[in-house]
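Written below as C-alpha cells is the structure these notes are about.
The values are calculated or read from the model by the stated rules, or taken from the named source; none is laboratory data. Only a predicted model underlies this, so the values are computations on that prediction, with no experimental measurement involved. Here Cβ is always computed from backbone atoms with ideal geometry, including for glycine, and neighbour counts include all displayed protein chains. Ligands, DNA and RNA are excluded from the accessible area calculation, which covers all protein heavy atoms including side chains. Shrake-Rupley method; radii C 1.70, N 1.55, O 1.52, S 1.80 Å.
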Amino acid sequence: MQQRLLEKIQQFKKKRKAVILAHNYQPGQIQDLADFCGDSLGLSIKASQTDAEVIVFCGVRFMAETAAILSPEKTVLLPEKYAGCPMADMITAEQLRQLKAQHPGAVVVCYVNSTAEVKAESDYCCTSANAVEVVKSLPANGEIIFVPDRHLGRFAADRTGRNIILWPGYCASHVVITEEDIKTAKAKYPDAVIMAHPECTEPVKALCDKLLSTGQMLRYAGQNKHGRFIVATETGIIHALQKQNPQAEFIAASERAICPNMKKITLEKIFWSLEDMQHKVTVDEPIRTKARKAIDRMVEILPTE
Ligand code: 13P
Ligand code: SF4
C-alpha cells in the first residue's frame with residue numbers, strides 16, 4: 001500500500017517536474033522520500049537554486065513562503081494548508097512597525113520563522129545557523145531589534161556582546177525541554193555530548209555543550225561518528241542523525257519536543273498536492289520584493305560553524 005503510494009508520488013513528481021524539499025523535523029518517511037532535506041538556511045538556498053518547475057515544500061508555511069519569495073516564477077506547494085508556525089504568528093507587521101517607531105534608526109533582524117509581511121518590514125533576515133554572523137555584520141554602535149524569537153535573539157546577543165531589543169516570541173516545541181530533562185539525560189549518559197537548538201530556553205542552553213541549528217547538528221555529529229549525543233530540539237532530527245551516523249547513538253532530551261505543525265505533512269498529502277497542484281503559496285507584490293531584500297542578505301551571510 002505504502003509502496004504503491006510512493007510509486008505514485010514519484011510518477012507525479014516527474015510529470016510535474018517537481019522537487020520535494022523537506023525540513024529536518026519532518027516525519028522520517030518524508031525525509032527519506034525528499035530530494036533534499038535540510039535546515040531553514042539550506043532549504044532556502046536549495047529553493048533558490050533548483051531548476052524544477054514545482055517545489056513541494058514539506059515543512060511549515062513560512063518556509064514555503066520563503067521559497068515563493070526567492071523563486072516567484074516557480075509553483076510552490078505546501079501539502080497541508082494549515083501547517084503554520086505559531087512562533088511566526090507571534091508578531092504582526094503592525095506590531096513591528098510600532099516597535100520600529102519606538103526605536104527609530106534601529107536595524108531590524110527577523111528570524112526566518114516569520115511572516116512575509118514581517119520580513120518586508122525588516123532589514124535583515126537570518127536563520128538559527130547564521131543569526132550570530134548576521135548580528136556581527138551590523139554597525140557596532142547602533143540599536144538592533146530582533147523578532148520574533150527571544151531565545152535565538154538572546155543567543156545572538158550573548159555571542160556577539162551586542163545589546164539587542166528582543167520581542168517576546170518563542171517556540172512552544174522547544175521551551176517544553178526543561179533543565180530537569182537535561183540533568184536526567186546527563187546523569188544517565190555522562191559521556192554524551194549535549195547538542196541544543198538556540199530556540200531552547202537560556203537555563204537549558206547553559207547546561208548544553210553545543211548550540212547548533214539542525215543542519216549544524218548533522219555536520220557536527222558527522223565529524224564525531226562514533227559518539228553518543230543528547231539532542232535538545234524537535235525529535236524529527238533524530239531520524240536524520242541516526243541515518244547519517246549509524247554507529248553513533250542519539251538520545252532525545254525530551255520526547256515531548258514535537259512540532260505538531262511539522263507532523264501535519266503525510267505521504268497522502270504529498271501525493272494529493274502533486275495531483276491537484278495544491279496548496280499554492282504565493283506572496284503578493286510589493287511585500288515580496290521588500291521581503292526579498294532581507295532574505296537575500298540572509299542567504300549571503302554564511303555560518304562559520
Ligand atoms: P533550523 O532547522 O533552521 O535549525 O530551524 C529550526 C526550526 O525551528 C524550524 O522551524
Ligand atoms: Fe515553529 Fe517551533 Fe515548529 Fe519550528 S519547531 S516550525 S519554530 S513551532
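Brief remarks follow.
- The numbered conditions (1) crowded, with 18+ Cβ neighbours inside 10 Å; (2) modelled with pLDDT of 95 or more are all true for Leu6 except (1).
- Cross-chain or 6+ apart pairs with Cβ under 8 Å, region 177-190 first and of a type in the set (Gly, Ala, Ser), then at pLDDT 95 or above and surrounded by 10 or more Cβ atoms within 10 Å (Cβ to Cβ): Ala185/Ala192; Ala185/Ile194; Ala185/Ile230; Ala185/Ile251; Ala185/Ala253
- Flag for Ala140 being hydrophobic (A, V, I, L, M, F, W, C) and over 24 Å from Glu255 (Cβ atoms): yes
- Answer residue from region 132-156, given it is open to solvent by 30 Å² or more (accessible area, probe 1.4 Å) and touching a strand residue (DSSP E or B) at 6+ places or on another chain (Cβ under 7 Å) and is modelled with the lowest pLDDT among those: Gly142
- Members of region 42-97 found to be of a type in the set (Asp, Glu), touching a helix residue (DSSP H, G or I) at 6+ places or on another chain (Cβ under 8 Å) and within 13 Å of ligand 2 (Cβ to nearest atom), listed by number: Glu65, Glu80
- Residue match in region 265-278 (condition: open to solvent by less than 80 Å² (accessible area, probe 1.4 Å) and within 16 Å of ligand 1 (Cβ to nearest atom)): yes
- Residues being open to solvent by less than 20 Å² (accessible area, probe 1.4 Å) and either under 24 Å from His23 (Cα atoms) or part of a loop (DSSP other than H, G, I, E, B) (or both) - total across region 86-131: 22
- Criterion: out of contact with any Pro (no Cβ under 7 Å at 6 or more places or on another chain), assigned to a loop (DSSP other than H, G, I, E, B), in contact (Cβ under 8 Å) with a residue 24 or more places away in the chain and open to solvent by 10 Å² or more (accessible area, probe 1.4 Å) - qualifying residue of Lys13, Lys81: Lys81
- Against the test of being of a type in the set (A, V, I, L, M) and within 16 Å of ligand 1 (Cβ to nearest atom), the options Leu6, Leu78, Leu96 yield a single qualifying residue, Leu78.
- Any hit, region 37-45, residues being within 17 Å of Thr266 (Cα to Cα), open to solvent by 10 Å² or more (accessible area, probe 1.4 Å), within 13 Å of ligand 1 (Cβ to nearest atom) and part of a strand (DSSP E or B): yes
- A search for C-beta distances below 8 Å between a residue of region 131-152 that is in contact (Cβ under 8 Å) with a residue 60 or more places away in the chain and any residue that is open to solvent by 10 Å² or more (accessible area, probe 1.4 Å) and among the aliphatic types (A, V, I, L, M), counting only pairs 6+ apart in sequence or on different chains, returns Glu133/Ile301; Glu133/Leu302; Val134/Ile301; Ser137/Ile301; Pro148/Met90.
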